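Worksheet for the structure shown next.
The values are calculated or read from the model by the stated rules, or taken from the named source; none is laboratory data. Predicted model, so just to flag it, every value in this text is computed and none were measured. Backbone-built Cβ (ideal geometry, glycine too); neighbour counts: all protein chains shown.
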2 protein chains.
Amino acid sequence: MANEVTARIISIGDELLIGQTVNTNAGWLGEQLALIGIRAKRVVTIGDDDQEILDALASADENVVLITGGLGPTKDDITKHTLCRFFDTKLVRHKDIEASIVAFFEGIGRDPLDVNRAQADLPEACTVIPNDRGTASGMWFDRGRQVFVSMPGVPNEMKAMMGATILPKLRTQFQPPTIVHRTLLTTGLGESHLAQRIAGWEDSLAKERIKLAYLPSPGMVKLRLSTYADASAEAARERVDRKAAELYSLIPDLVFGEGEERLQQVVGKLLKQRGQTLSLAESCTGGYVSHLITLVPGSSAYYTGGVVSYANAVKMEELGIPSDMLELNGAVSQPVAEQMANGVRQALRTDWSIALTGIAGPDGGTPDKPVGTVWIAVSGPDGVRSIKGQFPGSRHLVIERSALAALDMLRRRLLPSGS
Amino acid sequence: MANEVTARIISIGDELLIGQTVNTNAGWLGEQLALIGIRAKRVVTIGDDDQEILDALASADENVVLITGGLGPTKDDITKHTLCRFFDTKLVRHKDIEASIVAFFEGIGRDPLDVNRAQADLPEACTVIPNDRGTASGMWFDRGRQVFVSMPGVPNEMKAMMGATILPKLRTQFQPPTIVHRTLLTTGLGESHLAQRIAGWEDSLAKERIKLAYLPSPGMVKLRLSTYADASAEAARERVDRKAAELYSLIPDLVFGEGEERLQQVVGKLLKQRGQTLSLAESCTGGYVSHLITLVPGSSAYYTGGVVSYANAVKMEELGIPSDMLELNGAVSQPVAEQMANGVRQALRTDWSIALTGIAGPDGGTPDKPVGTVWIAVSGPDGVRSIKGQFPGSRHLVIERSALAALDMLRRRLLPSGS
């Protein structure tokens, strides 16, 4: 579109190119820009190399260029020198910044070295952006209709700078068109089958100027609707809301949440609403479901605990599985899964319980029960139910996928309809 | 150096630009290339946009161009069409690939759709690279002295393809100078204190033409030694081995493994060697230690299971913690941690046990026991010992760091010296 505001992100650092550090800054910046209606078109990741940095700056035709990294006190950090060359300016000592660096070091009980004080040497042509969490200042350059901003690569310093100064300044300067998003989270059907199920509806999006993106990750597919607010943000929001409601009505069984929600948060919210509690009995998932649940702050309100019954002896003693049941059916079986769920629910006196028993691989599969076979049981006030899943992929993926399937099974039981 | 082989990585996907997915592929690829002596000069991340992809391809002057993403079956995935334009070729149906796609879907009990079969339509001018974990094939193009390789963005599919086919092929075709590496894994000391402890030794590396990299990640610091094999690979290996031995002798207490080893694998190996077993009692880590241990294939040989005692009632009933002990000391205390360890070891009749109880945050901290306070106890044949940790960071990081500290505590107990 005509008045679109675009951005390039330049991530500088040898460590990013050789996998020492994962570049999480770029994605975060892209997300923050999107939220104020600026579209990141390109991320360029390069080493601490003068010529590479110059190339990345010179080839930028986007409105906004955000640069992170290479502002440390050591010799290999060259970004500000290269910026001086690019903008034909020179470094000057900023006394106020030097004073804040000295104060910063006093705060951690150290004396600043000369290299630390030299971080107060900044390009004459820039507007200095203060860093209240570290010693590397940010730099803002206007050039024609473009803006270039250089920030430290340390995530929390960069993020604080963006939030306090840079995002508000970009918004004022560019007044970008608003983008409206909604993301529905689905589980239970792969990307291509999901696409087939909503194909007819998907064709109706173009004339509403709405884009749909499929974002698959293990065990789930996110569906993101987005549109530009050409006329008013309200009208765009209304268009997206209407299409999101249509989409939901097509696949109510598959949608478990929205936006950044996680399945374990949705389950936790439902349990809280009902004032009910949960316990777990895990075999093949080895504590992973419990880990997911306890990643949610405040989960102790509904989660009392669980048993990881890796050995059969633990299944018998802690969960009351009769030894003849194990012998007759094997540990990976419907009766064992159901008894595990009932056993832990009884032992820990909770309203609900989930149990998983299966073969995560790579070994242990049989023709009858190949790797990826997992029995999942959910026990609750209205009894126990179970399903057999067959999950593809590595050991890690079988664990991940069966955990999500188990959480989704509980979620469905907790819905008012109790499907 | 003159015969240096360089690479560009092109990551394609709207989701990477807006922060929905973190680009972990690029760093992994850079690392793998570095290991065979190819230097990643630049990562370019762009959306699913024809013109952007063409620009990124056309501007590449590196020897090797690795492209990931945009090969899914849905409409928004356009990479292979753009590749056809760039290489002036057309898509043709590969019957053998189609057959393997059909077989893949049979394996998971589904019928392939037309869009799935269409993933067998591949550029005529490329060498097809098989994907044994999914349905999107890789594509290898030679153009003059350059190689372009397109791969799916799904990490495990891409990694399998790189390992089985692409890295060996690149090595044969470019014969990059050999790099010899060794990576020692340390835990127990932060990066800067570690650097201080080995500073003198580090100065001796330059004259051996060995580079040392500090690679910190939560709970550990990897130390990587690397050198080019100028004369012979054997001589370079010998140089690196000698320096690695010196390094180990300086910090034997901190080194827990090498290369890609994980702490839980090291612990598992030690338990196996001793023919001993392990159980767990987790409170604040909520099953995460159990999850780490059971990620290791074959862990059922030494791990019998555990109890996640999130609620105090579970601590009392499953682990035999007296209620007055909880009242007197609080759940986050030395006596409770030690009794948890003894209790689970007794209940599950194992040789060893680990217990953790702490405050993962963000709520629940007090002036006396701030967020990040974690008591860790290890119980074994020679009694129970415990330490109090104070771990910084978010809920997730407190869980991660205390889990690694607990595993390391057990590891030390399992060493012949039993430190």
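Just checking, which of A:358, A:380, A:365, A:287 is free of Cβ contacts under 8 Å to residues at least 24 places away in the same chain, among the small types (Gly, Ala, Ser) and more than 8 Å from chain B (Cβ to nearest Cβ)? Don't jump to the end; show me each part of the working.
Details: A:358 fails: free of Cβ contacts under 8 Å to residues at least 24 places away in the same chain; A:380 fails: free of Cβ contacts under 8 Å to residues at least 24 places away in the same chain; A:287 fails: more than 8 Å from chain B (Cβ to nearest Cβ).
Going through A:358, A:380, A:365, A:287 in turn, the sole match is A:365.
Restricting to region A:49-67, what's the tally of residues that are more than 11 Å from chain B (Cβ to nearest Cβ), of a type outside the set (S, T, N, Q), over 18 Å from residue B:16 (Cβ atoms) and assigned to a loop (DSSP other than H, G, I, E, B)?
Adding up the residues that qualify gives 1.
Those residues that are under 30 Å from residue A:182 (Cα atoms), touching a residue at least 40 places away in the same chain (Cβ under 8 Å) and either crowded, with 23+ Cβ neighbours inside 10 Å or touching a Leu at 6+ places or on another chain (Cβ under 6 Å) (or both), I need them from region A:10-25; list them, please.
Restricting attention to region A:10-25, the residues satisfying the condition of being under 30 Å from residue A:182 (Cα atoms) are A:10-11, A:22-25.
From what is left, the residues that are touching a residue at least 40 places away in the same chain (Cβ under 8 Å) are A:10-11, A:24-25.
Within region A:10-25, A:10, A:11, A:25 meet the criteria.
Name the single residue that is nearest to the other protein chains (Cβ to nearest Cβ) among those in region A:167-192 being part of a helix (DSSP H, G or I) and in contact (Cβ under 8 Å) with a residue 40 or more places away in the chain.
From region A:167-192, those part of a helix (DSSP H, G or I) are A:167-174, A:191-192; that's our starting set.
The next check asks that each one be in contact (Cβ under 8 Å) with a residue 40 or more places away in the chain; those that pass are A:167, A:170-171, A:174.
Numbers: A:167: 14, A:170: 16, A:171: 17, A:174: 18 Å.
Among those that are part of a helix (DSSP H, G or I) and in contact (Cβ under 8 Å) with a residue 40 or more places away in the chain, it is A:167.
Check residue B:343 against each of (1) farther than 21 Å from residue B:295 by Cα; (2) under 21 Å from the mean Cα position of the chain (by Cα); (3) buried (at least 16 other Cβ atoms within 10 Å of the Cβ) and name the one condition it does not meet.
Status for residue B:343: all satisfied but (2).
Tell me, which residue of region B:193-245 that is in contact (Cβ under 8 Å) with a residue 60 or more places away in the chain and in contact with a Phe, Trp or Tyr (Cβ under 9 Å, 6 or more places away or on another chain) is farthest from residue B:402 (Cα to Cα)?
Restricting to residues being in contact (Cβ under 8 Å) with a residue 60 or more places away in the chain and in contact with a Phe, Trp or Tyr (Cβ under 9 Å, 6 or more places away or on another chain), the top hit is B:194.
Of the residues that sit in region B:290-319 and are at pLDDT 95 or above, part of a helix (DSSP H, G or I) and more than 8 Å from chain A (Cβ to nearest Cβ), which one is nearest to residue A:316 (Cα to Cα)?
B:301
Does region A:100-114 hold any residues that are part of a helix (DSSP H, G or I) and surrounded by 12 or more Cβ atoms within 10 Å (Cβ to Cβ), and which are they?
Matches in region A:100-114: A:100, A:101, A:102, A:104, A:105.
Could you tell me which of the residues A:355, A:337, A:377, A:360 is closer than 19 Å to residue A:309 by Cβ, assigned to a loop (DSSP other than H, G, I, E, B) and in the same structural domain as residue A:303 (by TED's automatic domain parsing)?
Of the residues listed, the single one that is closer than 19 Å to residue A:309 by Cβ, assigned to a loop (DSSP other than H, G, I, E, B) and in the same structural domain as residue A:303 (by TED's automatic domain parsing) is A:360.
Quick check: anything in region A:310-327 touching a Phe, Trp or Tyr at 6+ places or on another chain (Cβ under 6 Å), small (Gly, Ala, Ser) and closer than 22 Å to residue B:345 by Cβ?
Within region A:310-327 (the criterion being touching a Phe, Trp or Tyr at 6+ places or on another chain (Cβ under 6 Å), small (Gly, Ala, Ser) and closer than 22 Å to residue B:345 by Cβ), the answer is no, since none of the residues qualifies.
Going through region A:28-48 one residue at a time, which ones are free of Cβ contacts under 8 Å to residues at least 12 places away in the same chain and either surrounded by 20 or more Cβ atoms within 10 Å (Cβ to Cβ) or assigned to a loop (DSSP other than H, G, I, E, B) (or both)?
Within region A:28-48, no residue meets the criteria.
Would you check if there is a residue in region B:102-113 being among the acidic types (Asp, Glu), farther than 26 Å from residue B:33 by Cα and within 14 Å of chain A (Cβ to nearest Cβ)?
Looking for residues that are among the acidic types (Asp, Glu), farther than 26 Å from residue B:33 by Cα and within 14 Å of chain A (Cβ to nearest Cβ), one finds at least one in region B:102-113, hence yes.
Would you point out the residue of region B:9-25, among those that are facing another protein chain (nearest Cβ under 7 Å) and modelled with pLDDT of 90 or more, that is farthest from residue B:78 (Cα to Cα)?
That would be B:24.
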